[in-house]
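The values are calculated or read from the model by the stated rules, or taken from the named source; none is laboratory data. Computed from a predicted model, the values in this text were never measured in an experiment. Here the Cβ is made from the backbone with ideal geometry for all residues, glycine too, and neighbour counts use every protein chain on show.
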(Lines give C-alpha, C1' and ligand atoms only; values in the text may rest on other atoms or scores of the structure.)
Protein backbone atom coordinates (compact mmCIF):
# COMPACT_ATOMS: atom_id res chain seq x y z
CA UNK A 1 0.00 0.00 0.00
CA UNK A 2 1.50 3.34 -0.94
CA UNK A 3 2.18 5.68 1.98
CA UNK A 4 3.07 9.35 2.04
CA UNK A 5 5.99 10.63 4.13
CA UNK A 6 3.59 12.38 6.49
CA UNK A 7 1.66 9.18 6.99
CA UNK A 8 4.88 7.26 7.65
CA UNK A 9 5.91 9.76 10.31
CA UNK A 10 2.49 9.54 11.93
CA UNK A 11 2.73 5.77 11.97
CA UNK A 12 6.19 5.90 13.50
CA UNK A 13 4.85 8.14 16.24
CA UNK A 14 1.91 5.79 16.72
CA UNK A 15 4.29 2.84 17.15
CA UNK A 16 6.27 4.83 19.72
CA UNK A 17 3.08 5.82 21.52
CA UNK A 18 1.99 2.19 21.63
CA UNK A 19 5.39 1.24 23.04
CA UNK A 20 5.17 3.93 25.71
CA UNK A 21 1.64 3.01 26.76
CA UNK A 22 2.41 -0.70 26.87
CA UNK A 23 5.57 -0.06 28.87
CA UNK A 24 3.63 2.02 31.39
CA UNK A 25 0.99 -0.66 31.78
CA UNK A 26 3.31 -3.63 31.94
CA UNK A 27 5.64 -1.94 34.41
CA UNK A 28 2.71 -1.21 36.70
CA UNK A 29 1.70 -4.88 36.57
CA UNK A 30 5.18 -6.33 37.12
CA UNK A 31 6.11 -7.79 40.52
CA UNK A 32 8.54 -5.58 42.51
CA UNK A 33 11.54 -7.69 41.55
CA UNK A 34 10.89 -6.98 37.85
CA UNK A 35 9.73 -3.38 38.10
CA UNK A 36 11.75 -0.28 37.24
CA UNK A 37 10.95 3.24 38.36
CA UNK A 38 10.57 5.63 35.40
CA UNK A 39 12.29 8.37 37.28
CA UNK A 40 14.09 8.58 40.55
CA UNK A 41 15.87 5.31 39.77
CA UNK A 42 19.29 5.58 41.35
CA UNK A 43 21.49 3.16 39.52
CA UNK A 44 25.14 3.32 40.36
CA UNK A 45 27.52 5.41 38.36
CA UNK A 46 28.65 3.67 35.15
CA UNK A 47 31.90 1.77 35.26
CA UNK A 48 34.48 3.80 33.40
CA UNK A 49 35.97 1.94 30.45
CA UNK A 50 39.45 0.62 31.00
CA UNK A 51 42.31 2.56 29.59
CA UNK A 52 43.80 1.45 26.32
CA UNK A 53 45.98 -1.59 26.69
CA UNK A 54 44.97 -2.15 30.28
CA UNK A 55 41.76 -4.02 29.67
CA UNK A 56 42.72 -7.63 29.95
CA UNK A 57 45.37 -8.61 32.47
CA UNK A 58 44.80 -7.37 35.99
CA UNK A 59 47.67 -7.17 38.43
CA UNK A 60 47.62 -9.87 41.09
CA UNK A 61 45.48 -8.77 43.98
CA UNK A 62 46.75 -9.03 47.52
CA UNK A 63 44.76 -10.77 50.21
CA UNK A 64 43.09 -7.54 51.23
CA UNK A 65 42.77 -5.04 48.44
CA UNK A 66 41.77 -1.46 49.02
CA UNK A 67 39.23 -0.33 46.48
CA UNK A 68 38.98 3.28 45.54
CA UNK A 69 35.23 3.82 45.34
CA UNK A 70 33.72 6.01 42.69
CA UNK A 71 32.24 9.27 43.87
CA UNK A 72 28.80 8.46 45.27
CA UNK A 73 26.04 9.39 42.88
CA UNK A 74 23.78 10.64 45.64
CA UNK A 75 25.25 13.22 47.94
CA UNK A 76 22.36 13.12 50.44
CA UNK A 77 23.06 10.21 52.76
CA UNK A 78 20.44 8.83 55.11
CA UNK A 79 23.01 8.80 57.89
CA UNK A 80 25.23 11.85 57.93
CA UNK A 81 28.82 10.83 57.40
CA UNK A 82 30.97 11.29 60.48
CA UNK A 83 33.92 13.61 60.55
CA UNK A 84 37.08 12.24 58.96
CA UNK A 85 38.99 10.02 61.27
CA UNK A 86 42.35 11.27 62.55
CA UNK A 87 44.15 8.24 61.12
CA UNK A 88 42.90 9.05 57.63
CA UNK A 89 44.17 12.57 57.96
CA UNK A 90 47.56 11.64 59.29
CA UNK A 91 48.35 9.04 56.61
CA UNK A 92 48.22 10.56 53.13
CA UNK A 93 48.62 7.32 51.12
CA UNK A 94 45.52 5.09 51.19
CA UNK A 95 46.19 2.86 54.14
CA UNK A 96 44.41 -0.48 54.03
CA UNK A 97 42.53 -0.19 57.33
CA UNK A 98 41.17 3.27 56.52
CA UNK A 99 39.71 2.34 53.12
CA UNK A 100 35.92 2.37 53.44
CA UNK A 101 35.46 -0.27 50.75
CA UNK A 102 37.86 -3.16 50.44
CA UNK A 103 37.88 -6.64 49.04
CA UNK A 104 38.31 -9.62 51.31
CA UNK A 105 39.39 -13.16 50.61
CA UNK A 106 37.42 -16.34 51.03
CA UNK A 107 39.05 -17.06 54.38
CA UNK A 108 38.24 -13.60 55.71
CA UNK A 109 34.64 -13.98 54.58
CA UNK A 110 34.42 -17.27 56.44
CA UNK A 111 35.83 -15.70 59.59
CA UNK A 112 33.35 -12.85 59.27
CA UNK A 113 30.52 -15.36 58.92
CA UNK A 114 31.69 -17.22 62.02
CA UNK A 115 31.88 -13.90 63.82
CA UNK A 116 28.22 -13.21 63.04
CA UNK A 117 28.80 -10.20 60.77
CA UNK A 118 25.92 -9.29 58.45
CA UNK A 119 26.09 -10.44 54.82
CA UNK A 120 24.32 -8.62 52.00
CA UNK A 121 23.59 -10.48 48.75
CA UNK A 122 23.71 -8.00 45.86
CA UNK A 123 22.56 -10.47 43.18
CA UNK A 124 19.09 -10.63 41.66
CA UNK A 125 16.36 -11.91 43.98
CA UNK A 126 15.86 -15.04 41.83
CA UNK A 127 19.49 -15.96 42.33
CA UNK A 128 19.14 -15.30 46.06
CA UNK A 129 16.09 -17.55 46.20
CA UNK A 130 17.99 -20.33 44.43
CA UNK A 131 20.71 -20.25 47.09
CA UNK A 132 22.54 -17.78 49.29
CA UNK A 133 24.90 -17.51 52.23
CA UNK A 134 22.96 -18.66 55.29
CA UNK A 135 21.52 -15.64 57.05
CA UNK A 136 22.40 -13.21 54.24
CA UNK A 137 20.07 -10.32 53.46
CA UNK A 138 18.73 -9.95 49.94
CA UNK A 139 19.77 -6.57 48.51
CA UNK A 140 19.46 -6.84 44.71
CA UNK A 141 21.11 -3.69 43.46
CA UNK A 142 19.17 -3.62 40.17
CA UNK A 143 15.69 -4.11 41.55
CA UNK A 144 13.21 -1.39 42.38
CA UNK A 145 12.60 -2.48 45.95
CA UNK A 146 16.25 -2.23 47.00
CA UNK A 147 15.46 0.79 49.15
CA UNK A 148 12.82 -1.13 51.13
CA UNK A 149 15.10 -4.12 51.53
CA UNK A 150 17.94 -1.95 52.81
CA UNK A 151 15.60 -0.22 55.23
CA UNK A 152 14.48 -3.62 56.55
CA UNK A 153 18.10 -4.67 56.95
CA UNK A 154 19.00 -1.48 58.79
CA UNK A 155 15.96 -1.71 61.02
CA UNK A 156 16.76 -5.30 61.95
CA UNK A 157 20.55 -5.11 62.35
CA UNK A 158 20.97 -1.42 63.16
CA UNK A 159 24.53 -1.29 61.78
CA UNK A 160 26.60 1.69 62.85
CA UNK A 161 28.54 3.63 60.27
CA UNK A 162 31.78 1.90 61.35
CA UNK A 163 30.37 -1.61 61.69
CA UNK A 164 31.60 -4.06 59.07
CA UNK A 165 29.14 -5.25 56.44
CA UNK A 166 30.04 -8.09 54.06
CA UNK A 167 28.72 -7.73 50.52
CA UNK A 168 28.91 -10.38 47.82
CA UNK A 169 27.61 -11.23 44.37
CA UNK A 170 28.74 -13.82 41.85
CA UNK A 171 32.50 -13.29 41.95
CA UNK A 172 34.52 -13.00 38.76
CA UNK A 173 33.71 -9.79 36.94
CA UNK A 174 30.42 -9.30 38.79
CA UNK A 175 30.24 -5.65 39.82
CA UNK A 176 26.95 -5.70 41.74
CA UNK A 177 28.64 -5.99 45.15
CA UNK A 178 30.83 -2.98 44.35
CA UNK A 179 27.80 -1.01 43.22
CA UNK A 180 25.93 -1.82 46.40
CA UNK A 181 29.01 -0.87 48.42
CA UNK A 182 29.19 2.50 46.66
CA UNK A 183 25.56 3.06 47.44
CA UNK A 184 26.02 2.21 51.11
CA UNK A 185 29.09 4.42 51.23
CA UNK A 186 26.89 7.25 49.98
CA UNK A 187 24.54 6.50 52.87
CA UNK A 188 27.32 6.89 55.42
CA UNK A 189 28.69 3.38 55.95
CA UNK A 190 32.46 3.23 56.10
CA UNK A 191 33.38 -0.39 56.69
CA UNK A 192 32.21 -2.27 53.63
CA UNK A 193 33.90 -5.57 52.87
CA UNK A 194 33.44 -7.10 49.45
CA UNK A 195 33.73 -10.86 49.34
CA UNK A 196 35.77 -10.95 46.16
CA UNK A 197 35.10 -14.52 45.02
CA UNK A 198 31.44 -14.32 45.90
CA UNK A 199 28.80 -16.97 46.12
CA UNK A 200 30.40 -19.48 43.69
CA UNK A 201 33.36 -19.71 46.06
CA UNK A 202 31.04 -20.11 49.05
CA UNK A 203 29.38 -23.05 47.29
CA UNK A 204 32.74 -24.54 46.31
CA UNK A 205 33.91 -24.37 49.94
CA UNK A 206 30.67 -26.11 51.02
CA UNK A 207 29.86 -23.48 53.59
CA UNK A 208 26.42 -22.97 55.13
CA UNK A 209 23.77 -21.99 52.62
CA UNK A 210 20.07 -21.40 52.59
CA UNK A 211 17.40 -21.27 49.90
CA UNK A 212 14.11 -19.51 49.45
CA UNK A 213 12.61 -16.08 49.06
CA UNK A 214 13.87 -13.25 51.27
CA UNK B 1 17.65 -5.09 -10.26
CA UNK B 2 14.70 -2.95 -9.24
CA UNK B 3 12.34 -5.81 -10.13
CA UNK B 4 14.36 -8.21 -7.97
CA UNK B 5 14.50 -5.80 -5.04
CA UNK B 6 10.75 -5.27 -5.02
CA UNK B 7 9.90 -8.91 -5.63
CA UNK B 8 7.08 -9.76 -3.20
CA UNK B 9 8.80 -12.96 -2.09
CA UNK B 10 11.98 -11.13 -1.14
CA UNK B 11 10.05 -8.44 0.70
CA UNK B 12 7.99 -11.03 2.56
CA UNK B 13 11.12 -12.93 3.62
CA UNK B 14 12.87 -9.73 4.71
CA UNK B 15 10.04 -8.50 6.87
CA UNK B 16 9.40 -11.91 8.42
CA UNK B 17 13.07 -12.39 9.34
CA UNK B 18 13.35 -8.87 10.74
CA UNK B 19 10.02 -9.13 12.53
CA UNK B 20 10.81 -12.48 14.15
CA UNK B 21 14.26 -11.32 15.25
CA UNK B 22 12.77 -8.24 16.88
CA UNK B 23 10.00 -10.23 18.54
CA UNK B 24 12.52 -12.72 19.91
CA UNK B 25 14.68 -9.87 21.17
CA UNK B 26 11.81 -8.00 22.80
CA UNK B 27 10.14 -10.73 24.85
CA UNK B 28 12.94 -11.60 27.33
CA UNK B 29 13.61 -7.91 27.94
CA UNK B 30 9.95 -7.17 28.57
CA UNK B 31 9.91 -10.01 31.07
CA UNK B 32 12.93 -8.63 32.97
CA UNK B 33 13.42 -4.85 32.72
CA UNK B 34 16.02 -4.66 35.55
CA UNK B 35 18.19 -7.18 33.72
CA UNK B 36 18.00 -5.08 30.56
CA UNK B 37 18.75 -1.89 32.52
CA UNK B 38 21.87 -3.60 33.84
CA UNK B 39 22.85 -4.56 30.27
CA UNK B 40 22.41 -0.96 29.08
CA UNK B 41 24.42 0.28 32.06
CA UNK B 42 27.22 -2.07 31.02
CA UNK B 43 27.70 -0.08 27.81
CA UNK B 44 28.75 2.94 29.91
CA UNK B 45 27.26 5.31 27.33
CA UNK B 46 24.05 6.52 28.92
CA UNK B 47 23.38 8.79 31.89
CA UNK B 48 21.95 7.10 34.96
CA UNK B 49 18.58 8.85 34.72
CA UNK B 50 17.96 7.42 31.25
CA UNK B 51 18.46 3.75 32.14
CA UNK B 52 14.93 3.19 33.47
CA UNK B 53 13.05 4.80 30.56
CA UNK B 54 15.32 3.15 27.98
CA UNK B 55 15.00 -0.30 29.55
CA UNK B 56 11.22 0.04 29.66
CA UNK B 57 10.57 1.63 26.27
CA UNK B 58 13.03 -0.07 23.92
CA UNK B 59 11.69 -3.64 24.29
CA UNK B 60 8.11 -2.53 23.65
CA UNK B 61 9.21 -0.54 20.62
CA UNK B 62 10.96 -3.66 19.35
CA UNK B 63 7.81 -5.66 19.98
CA UNK B 64 5.61 -3.14 18.16
CA UNK B 65 7.96 -3.09 15.16
CA UNK B 66 8.28 -6.87 15.15
CA UNK B 67 4.51 -7.30 15.17
CA UNK B 68 4.01 -4.72 12.42
CA UNK B 69 6.62 -6.40 10.23
CA UNK B 70 5.31 -9.92 10.80
CA UNK B 71 1.70 -8.94 10.23
CA UNK B 72 2.53 -6.68 7.29
CA UNK B 73 1.03 -3.37 8.36
CA UNK B 74 2.83 -0.02 8.60
CA UNK B 75 5.86 -1.78 7.15
CA UNK B 76 7.72 1.37 6.15
CA UNK B 77 7.28 3.02 9.54
CA UNK B 78 8.35 -0.17 11.34
CA UNK B 79 11.32 -0.60 8.99
CA UNK B 80 12.46 2.96 9.70
CA UNK B 81 12.30 2.32 13.46
CA UNK B 82 14.15 -0.98 13.17
CA UNK B 83 16.79 0.70 11.02
CA UNK B 84 17.26 3.44 13.60
CA UNK B 85 17.47 0.89 16.41
CA UNK B 86 19.95 -1.31 14.54
CA UNK B 87 22.13 1.69 13.73
CA UNK B 88 22.18 2.72 17.37
CA UNK B 89 23.03 -0.84 18.45
CA UNK B 90 25.91 -0.92 15.94
CA UNK B 91 27.13 2.45 17.20
CA UNK B 92 26.98 1.40 20.86
CA UNK B 93 28.83 -1.84 20.16
CA UNK B 94 31.34 -0.14 17.88
CA UNK B 95 32.19 2.56 20.41
CA UNK B 96 32.81 0.00 23.13
CA UNK B 97 34.79 -2.20 20.79
CA UNK B 98 36.93 0.78 19.80
CA UNK B 99 37.81 1.45 23.44
CA UNK B 100 38.13 -2.30 24.16
CA UNK B 101 35.44 -2.25 26.78
CA UNK B 102 33.81 -5.71 26.68
CA UNK B 103 30.06 -5.67 27.16
CA UNK B 104 27.33 -8.27 27.24
CA UNK B 105 25.08 -7.56 24.29
CA UNK B 106 21.80 -7.87 26.19
CA UNK B 107 20.17 -8.36 22.79
CA UNK B 108 18.11 -11.39 23.76
CA UNK B 109 18.04 -11.00 27.52
CA UNK B 110 20.61 -12.23 30.01
CA UNK B 111 23.36 -14.49 28.68
CA UNK B 112 25.75 -16.94 30.28
CA UNK B 113 28.87 -15.33 31.82
CA UNK B 114 31.76 -15.02 29.38
CA UNK B 115 35.36 -13.96 29.53
CA UNK B 116 36.40 -10.51 28.32
CA UNK B 117 38.06 -11.99 25.22
CA UNK B 118 34.91 -13.94 24.36
CA UNK B 119 32.76 -10.86 24.78
CA UNK B 120 35.02 -8.76 22.56
CA UNK B 121 34.89 -11.47 19.88
CA UNK B 122 31.11 -11.66 20.21
CA UNK B 123 30.82 -7.90 19.78
CA UNK B 124 32.45 -8.10 16.34
CA UNK B 125 30.00 -10.76 15.24
CA UNK B 126 27.09 -8.80 16.67
CA UNK B 127 28.04 -5.75 14.62
CA UNK B 128 28.16 -7.95 11.50
CA UNK B 129 24.80 -9.45 12.37
CA UNK B 130 23.25 -6.02 12.86
CA UNK B 131 24.78 -4.88 9.56
CA UNK B 132 23.15 -7.87 7.82
CA UNK B 133 19.81 -6.97 9.40
CA UNK B 134 20.31 -3.40 8.19
CA UNK B 135 20.52 -4.78 4.63
CA UNK B 136 17.06 -6.28 5.16
CA UNK B 137 15.83 -2.90 6.38
CA UNK B 138 17.31 -1.30 3.25
CA UNK B 139 15.46 -3.84 1.08
CA UNK B 140 12.17 -3.09 2.84
CA UNK B 141 12.65 0.66 2.54
CA UNK B 142 13.54 0.35 -1.15
CA UNK B 143 10.58 -1.93 -1.88
CA UNK B 144 8.10 0.28 -0.04
CA UNK B 145 9.56 3.34 -1.77
CA UNK B 146 9.17 1.74 -5.18
CA UNK B 147 5.62 0.69 -4.37
CA UNK B 148 4.95 4.24 -3.26
CA UNK B 149 6.27 5.63 -6.55
CA UNK B 150 4.30 3.01 -8.47
CA UNK B 151 1.18 3.96 -6.55
CA UNK B 152 1.76 7.64 -7.28
CA UNK B 153 2.28 6.83 -10.97
CA UNK B 154 -0.96 4.87 -11.16
CA UNK B 155 -2.82 7.66 -9.41
CA UNK B 156 -1.38 10.14 -11.92
CA UNK B 157 -2.35 7.90 -14.84
CA UNK B 158 -5.86 7.47 -13.49
CA UNK B 159 -6.28 11.19 -12.94
CA UNK B 160 -4.91 11.99 -16.43
CA UNK B 161 -7.18 9.31 -17.94
CA UNK B 162 -10.18 10.78 -16.19
CA UNK B 163 -9.25 14.20 -17.48
CA UNK B 164 -9.34 13.07 -21.10
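Residues to consider are B:18, B:86, B:61; find the one that is within 13 Å of the chain's Cα centre (by Cα), within 28 Å of residue A:6 (Cβ to Cβ), within 8 Å of chain A (Cβ to nearest Cβ) and modelled with pLDDT of 95 or more.
Values: B:18 fails: within 8 Å of chain A (Cβ to nearest Cβ); B:86 fails: within 8 Å of chain A (Cβ to nearest Cβ).
Step by step, each of B:18, B:86, B:61 is checked, and only B:61 is within 13 Å of the chain's Cα centre (by Cα), within 28 Å of residue A:6 (Cβ to Cβ), within 8 Å of chain A (Cβ to nearest Cβ) and modelled with pLDDT of 95 or more.
Taking the stretch B:93-109, which residues are more than 9 Å from chain A (Cβ to nearest Cβ) and in contact with a helix residue (DSSP H, G or I) (Cβ under 9 Å, 6 or more places away or on another chain)?
B:93, B:94, B:97, B:103, B:104, B:105, B:106, B:107, B:108, B:109 - these are the residues of the stretch B:93-109 that are more than 9 Å from chain A (Cβ to nearest Cβ) and in contact with a helix residue (DSSP H, G or I) (Cβ under 9 Å, 6 or more places away or on another chain).
Within the stretch A:192-206, is even one residue in contact with a strand residue (DSSP E or B) (Cβ under 7 Å, 6 or more places away or on another chain), farther than 26 Å from residue B:114 by Cα and either away from chain B (no Cβ under 14 Å) or at pLDDT below 90 (or both)?
yes
Consider residue B:37 against the criteria (1) within 29 Å of residue A:31 (Cβ to Cβ); (2) more than 11 Å from every other protein chain (Cβ to nearest Cβ): it satisfies all of them except one. Which criterion is unmet?
All conditions are met except number (2).
Within the stretch B:41-78, can you find the residues that are more than 11 Å from residue A:15 (Cβ to Cβ) and outside any helix (DSSP H, G or I)?
Across the stretch B:41-78, the qualifying residues are B:43, B:44, B:45, B:46, B:47, B:72.
I'm trying to understand the selection: among the residues of the stretch A:186-214, which are surrounded by 20 or more Cβ atoms within 10 Å (Cβ to Cβ) and part of a helix (DSSP H, G or I)?
Correct list: A:186, A:198, A:199, A:202.
Suppose we filter the stretch A:132-157 for residues that are over 24 Å from residue B:104 (Cα atoms), modelled with pLDDT of 90 or more and in a loop (DSSP other than H, G, I, E, B); how many remain?
So the count comes out to 3.
Hey, can you tell me all the residues within the stretch B:40-54 that are more than 8 Å from chain A (Cβ to nearest Cβ) and free of Cβ contacts under 8 Å to residues at least 40 places away in the same chain?
B:47, B:50, B:54, listed by residue number.
Could you tell me which of the residues B:81, B:125 is within 12 Å of chain A (Cβ to nearest Cβ), free of Cβ contacts under 8 Å to residues at least 24 places away in the same chain and part of a helix (DSSP H, G or I)?
On the way: B:125 fails: within 12 Å of chain A (Cβ to nearest Cβ).
Exactly one of B:81, B:125 is within 12 Å of chain A (Cβ to nearest Cβ), free of Cβ contacts under 8 Å to residues at least 24 places away in the same chain and part of a helix (DSSP H, G or I), namely B:81.
Do you know which residues across the stretch B:21-31 are surrounded by 19 or more Cβ atoms within 10 Å (Cβ to Cβ) and either more than 10 Å from chain A (Cβ to nearest Cβ) or modelled with pLDDT under 90 (or both)?
Passing the criteria: B:21, B:22, B:25, B:29.
Does residue A:172 meet the test of being out of contact with any strand residue (DSSP E or B) (no Cβ under 6 Å at 6 or more places or on another chain), closer than 30 Å to residue B:114 by Cα and surrounded by fewer than 19 Cβ atoms within 10 Å (Cβ to Cβ)? First the steps, then the outcome.
Working: out of contact with any strand residue (DSSP E or B) (no Cβ under 6 Å at 6 or more places or on another chain): yes; closer than 30 Å to residue B:114 by Cα: yes; surrounded by fewer than 19 Cβ atoms within 10 Å (Cβ to Cβ): yes.
Spelling it out, residue A:172 is indeed out of contact with any strand residue (DSSP E or B) (no Cβ under 6 Å at 6 or more places or on another chain), closer than 30 Å to residue B:114 by Cα and surrounded by fewer than 19 Cβ atoms within 10 Å (Cβ to Cβ).
Given (1) in contact (Cβ under 8 Å) with a residue 24 or more places away in the chain; (2) crowded, with 19+ Cβ neighbours inside 10 Å; (3) over 13 Å from the mean Cα position of the chain (by Cα), identify the lone condition not met by residue B:72.
So residue B:72 meets the others, but not (2).
Name the residues in the stretch A:163-179 that are on the phi < 0 side of the Ramachandran plot and without any contact (Cβ under 8 Å) to a residue 60 or more places away in the chain, would you?
A:163, A:164, A:165, A:167, A:168, A:169, A:170, A:173, A:174, A:176, A:177
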